[in-house]
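Rule-based calculations on the coordinates, nothing more; no lab input. No experiment lies behind these values; they were computed from the predicted model shown. Note that we place each Cβ from the backbone using ideal geometry, even for glycine, and neighbour counts take in every protein chain shown.
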Ligand SMILES: [Zn+2]
């Protein structure tokens, strides 16, 4: 059994690995949350603690994003799933309909003992798009990005719109550009806290860049030769950019 032990977005690693045994010293106070889940054929355990505990030298709290470079892809994905489940568990302490404390139910669902409403895990869809104009790509920097890199237009899907409509709207809102030839690239769970990123490529159609100041710091067209710093390999943004970099010129 692997133990995915979190304190907010940081996960406990022992000698750079996910622990396979519980050390009682890690759980001096009762965990805020503890649940079992399956990842592939394996049963795993997700635990949330309130305070990071003082640890021995080989033990460390690591930001979940940073574990992409340390763990195997499978372990990183399982850790993301654990994080999403712990977040959901924390966010569904009470029934949103009648306020009654909820009881643990089957995996991914809780049932209100008072009104019977079922509370399933919630995943929020968001699009991300690489827009192309000849040999250039549209890169943007939003106010919320960490580090100094440039990323891609992205945003949450609104009620009543298709993914393609969302892609078109986000590009228009953030940069004032019109696009065409929207094509699906791939998707990726993004456990910050529970987003499903859905990635697309699209081609520039018309317009001049005019950024949405509330969302973006800057935006521009970049060629392979003058690429700024780009997002880390953990992100779907990077996979889209790497895909474009692999295309024949
Ligand atoms: Zn209820």
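So the values come out like this:
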item: Simple spin-label estimate for residue 183 and residue 24 in nanometres, 7 Å along Cα-Cβ; result: 6.0 nm
item: Max mean-square fluctuation residue, GNM over the chain, Cα-Cα springs under 10 Å, options 20, 144, 175; result: 144
item: GNM result for the chain, Cα springs below 10 Å: residue of 168, 65, 146 fluctuating most strongly; result: 146
item: Residue order, fewest to most beta carbons within 10 Å, for 1, 150, 197, 145; result: 1, 145, 197, 150
item: Mean Cα-pair separation over length for the chain, i.e. relative contact order, pairs under 8 Å, 6 or more apart, %; result: 16 percent
item: Whole-number D in µm² s⁻¹ for the stretch 2-91, Kirkwood Cα-pair radius fed into Stokes-Einstein, 37 °C, 0.692 mPa s; result: 253 µm²/s
item: Geometric extent, Cα atoms of the stretch 95-249 - Rg, Dmax (angstrom); result: 18.7, 62
item: Extension reserve of the residue 63-residue 134 stretch, reckoned as 0.36 nm per residue once the Cα distance is removed; result: 21.8 nm
item: Stokes-Einstein D for the stretch 41-96, Kirkwood Rh over Cα pairs, 37 °C, 0.692 mPa s (µm²/s); result: 248 µm²/s
item: Residue 45-residue 224 FRET efficiency (beta carbon distance; Förster radius 45 Å; 0.05 resolution); result: 0.50
item: Residues in the stretch 109-142 that a label on residue 98 would reach, taking backbone N under 18 Å of a point 7 Å out along Cα→Cβ; result: 110-120
item: Distance (nanometres) between label positions extended 7 Å along Cα→Cβ at residue 161 and residue 148; result: 3.3 nm
